[in-house]
1. Tally up the residues in region 479-508 that are among the aliphatic types (A, V, I, L, M), open to solvent by 70 Å² or more (accessible area, probe 1.4 Å) and modelled with pLDDT under 90, please.
2. Within region 595-612, work out how many residues are at pLDDT 95 or above and touching a Gly at 6+ places or on another chain (Cβ under 6 Å).
3. Taking interchain pairs and intrachain pairs at least six residues apart, which have beta carbon atoms under 8 angstrom, with the first residue in region 492-521 and over 17 Å from I535 (Cα atoms) and the second hydroxyl-bearing (S, T, Y) and surrounded by fewer than 20 Cβ atoms within 10 Å (Cβ to Cβ)?
4. If I filter region 239-260 for residues that are more than 28 Å from F321 (Cβ to Cβ) and surrounded by 23 or more Cβ atoms within 10 Å (Cβ to Cβ), do I get at least one hit?
5. Find all pairs meeting these conditions: Cβ atoms under 9 angstrom apart; at least six residues apart or on different chains; first residue within region 125-141 and at pLDDT below 80; second residue assigned to a strand (DSSP E or B).
6. Across region 425-468, what is the number of residues that are open to solvent by 40 Å² or more (accessible area, probe 1.4 Å) and in a helix (DSSP H, G or I)?
7. Working carefully through the options K744, K723, find the one that is part of a helix (DSSP H, G or I), modelled with pLDDT of 95 or more and more than 35 Å from the chain's Cα centre (by Cα).
8. Does region 407-420 include one or more residues that are of a type in the set (S, T, N, Q), within 27 Å of the chain's Cα centre (by Cα) and surrounded by fewer than 20 Cβ atoms within 10 Å (Cβ to Cβ)?
Amino acid sequence: MRAVMLGFVVGVAILQQQAGLLSPLVLAIITSVVVGISFFLYRLTSKSYWRLPARMLLAAACGFVWASAFAHFYLRESLPAEWENKDVVLVGTVDSLPFHFEQGQRFNFAVEQIHADGLDLTSRANWPSKVALSWYGAMHGADAIPVTNVQPGERWQLRVRMKRPHGNANPYGFDYEVWLLEQGLRATGTVRSDKDETENTHYNKRLDGFVWSWSNLVERSRASLRERIHAALPQHAYAGVLVALVVGDQREIPQSDWTVFNRVGIGHLISISGLHITMIAGLLAGLVFYLWRNSFFMGTSLPLRLPAQKAAAVAGALMAFVYVALAGFGLPAQRTMIMLTVVAIAVCTGRTSGLFSVLSLALAVVVLFDPWAVMSPGFWLSFSAVAIIVFASGGQFTPRQDEKLKARMLDGLRSASLTQYAVTIGLIPLTMLLFGQISLISPVANAIAIPLFSFVVTPLALLGSIAPAPLSIYLLKLAHLFVELLAQAMAYFSGLPMAVWNAPLPGFALFLLAMLGMLWLLAPKAWPMRWLGLICCLPLVFQRPQHPDDGDLQITALDVGQGMALLLETRHHRLLYDTGPGLGFESDSGSRVILPYLHARGINELDTMVVSHNDNDHSGGAVTILKHLPVDTVSSSLNLASPIVLAAKKHRRCEAGQQWVWDGVSFEMLQPVSVSYESTKWKPNARSCVLKVSTRRFSVLLAGDIEAIQEDELVNSIPQKLKADILLAPHHGSGTSSTTAFLKTVQPSIAIFQVGYLNRYHHPKPEVFQRYADFGIKRLRTDETGAIGIQFGASLTTSAFRQENARYWFGR
């Protein structure tokens, strides 16, 4: 059975790596062929060793076909391209717990009716039935949008501008598009102005206070629990942590806190995690076992009718269901519930002899209901942790029946220590493969945090969320106090010099070697030379980042939406040109895109960071990067009182004429001229740092946001220095840049446009984009290609992330 279950999961995982989906007819043909081959191997040969591969092959084919059918079903809904970025009127219900942030709120919306241009589009097939909406209220003036806080289960009519699913596409980055697909969200949208001045019509209005359904009832209950916590803990720093523990909503926890929690390795505790669900279910199961075994002290004979173990298993599974409901049936929580349900069924049917068999069945059932679970790091970490515990224990869980409490406590402490050791060591290869870092302080941090969260904070938070006032206030404040004390200790641990070990993400072969070494190390005591397992891990931990050869240059133009961010690498040096946009309070391209990419590459410091000018889409991530990564020098055109300048270890102004050479690659700053800093008439765009980088054969011109006047000044003052093979399109291809004279002088063969998908500025302007084509320039734009890689070596080569890593859900 284990081989069949694992084969099914492998088939599902293979499908999720495909660039396209096979048609139903082709899938049927492939299924028939595989079934035939499997039947031949299994039935027509007497060799038993053929039967296991036959089973796995058939199971993998079933997994591939099942995941394909699942994908076809969910992708059948799609926003028609002709309605993208156009206003429609939706009628439907608030389908999730809203998230309130500084600029407005976000929520899922179950669509019931669609109207546009006087037409009822509801009956049109395959329009999205559920969408993710943002309702902003931070604008001022004539375009201000009043925002009314929505509640789960309310029916609303809303005027919305919709887009097809689209997210930033970068190496090692979060795949927002597959996340939306997994959630069943087939479009995103923004709530627009409430009033149409031409028709004097108000669109945005609440139609019903509550629409009955089980899911709406669950979400409204979660909202009530969250409000109770907020009411008891106004302006408390870690109220968001308690909200996460009670209702599974992690969005209120600041990014700065997440950084600390992840560095010390306790991020898995800050939610309704598998650990907490299992703990709560286990506590109830233990209580039911005790009471059932004693027939609730009523003198009956309940264990004769149903064994206490089975009653406890059922009670634990039901408790898991209730607690997962508090998490809004989020997919990670669902996975734990399914695992516990499988275990409960195994106990009730008497099939608990093979723990690996139970685990394999749970793995397959989770993937059966959620084929995209294999794309989640949490999926692999949770199942791997359980598998490692089972492997390290030899599959035997037989607690001592010593009558003395002290002996039982010592035995429990020893067991917990060995389990923590096995999980910490065993997950090193997988953690390096997924995140490129290991928290060295994690064993100590978890030894403190796990019992505190499991037996103190979580029970207090749950009791406080449902207890009557004023008891609820006292319980929640006590829980908050423990979280605050723990957070202070974790902040200290996080600040230690060797709290985290970073290395580049390993290749799959290196990962398999390290995984084999970990299994060897965790093998039973009689296993020979277990210490050899550590040697297998050394290449994984001590590998070095890849870099270009002497005289060569590598550029990565990251997909940061409407903004600029490029990483330039020589053999021994790295320069970051611009840092992308800031996206809101404690959220920016630095934390979301740039730092994850650098850490995954094993890049732990920058030699220079150039911030071309002060506009948010170029400087938004700079402060975050400076906080979390050593940067030797910041070069910018910013005001000397700028927070970026003040945070820099060393700062110098960009000035024309600055030159340096790294590893045979020449760098020269072409603008702004020094006297421009003395003038107050220029906008930040006019002072953009323009950098030219040249190898022996090729060159690139990074033009920032200069406009026609600056282009003309450069063409007339230093035309001989402007010629370049690659041009970063000035000002994202706006209508005030990329003049004909400038393009004639630069003569690029390739132009890069770093622009956001359907951005509000409509960059690049169609006439400017066409101008590049008229000159025969190859045009690459990050909203279509994702991150762009450029290699300057003996030849000039480019790569596009969305093409080289194509997935069937891209652009769907």
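The values are calculated or read from the model by the stated rules, or taken from the named source; none is laboratory data. For clarity, every value in this text was computed on a predicted model and none was experimentally measured. Note: ideal-geometry Cβ built from the backbone for every residue, glycine included; neighbour counts use all protein chains shown. Side chains included, ligands, DNA and RNA excluded: accessible areas come from the protein's heavy atoms. Shrake-Rupley method; radii C 1.70, N 1.55, O 1.52, S 1.80 Å.
1. Kept after step one, since they are among the aliphatic types (A, V, I, L, M), are these residues of region 479-508: 479, 481, 483, 485-487, 489-491, 496, 498-500, 503, 505.
Subset that is open to solvent by 70 Å² or more (accessible area, probe 1.4 Å): 481, 485, 498.
Checking the rest, the ones that are also modelled with pLDDT under 90 come to 498.
Residues flagged as among the aliphatic types (A, V, I, L, M), open to solvent by 70 Å² or more (accessible area, probe 1.4 Å) and modelled with pLDDT under 90 within region 479-508 amount to 1.
2. The number of residues fulfilling the criteria is 1.
3. Within 8 Å, the pairs are S494/T259; L505/Y172.
4. Step one: list which residues in region 239-260 are more than 28 Å from F321 (Cβ to Cβ), which gives 254-260.
From the residues that got through so far, the ones that are surrounded by 23 or more Cβ atoms within 10 Å (Cβ to Cβ) too are none.
No, region 239-260 contains no residue that is more than 28 Å from F321 (Cβ to Cβ) and surrounded by 23 or more Cβ atoms within 10 Å (Cβ to Cβ).
5. That search, which allows pairs on different chains as well, returns G137/G104; G137/Q105; A138/G104.
6. Going through region 425-468, the residues open to solvent by 40 Å² or more (accessible area, probe 1.4 Å) turn out to be 433-435, 437, 440, 443-444, 447-448, 450-451, 455-456, 463, 466, 468.
Pick out the ones that are also in a helix (DSSP H, G or I) and you get 433-435, 443-444, 447-448, 450-451, 455-456, 463, 466.
Summing the residues that are open to solvent by 40 Å² or more (accessible area, probe 1.4 Å) and in a helix (DSSP H, G or I) in region 425-468 gives 13.
7. Details: K723 fails: part of a helix (DSSP H, G or I).
Criteria check complete, one pass: K744.
8. We begin by selecting, within region 407-420, every residue of a type in the set (S, T, N, Q); these are 415, 417, 419-420.
Still in the list and also within 27 Å of the chain's Cα centre (by Cα): 420.
From what is left, the residues that are surrounded by fewer than 20 Cβ atoms within 10 Å (Cβ to Cβ) are 420.
The answer is yes, given that some residue of region 407-420 is of a type in the set (S, T, N, Q), within 27 Å of the chain's Cα centre (by Cα) and surrounded by fewer than 20 Cβ atoms within 10 Å (Cβ to Cβ).
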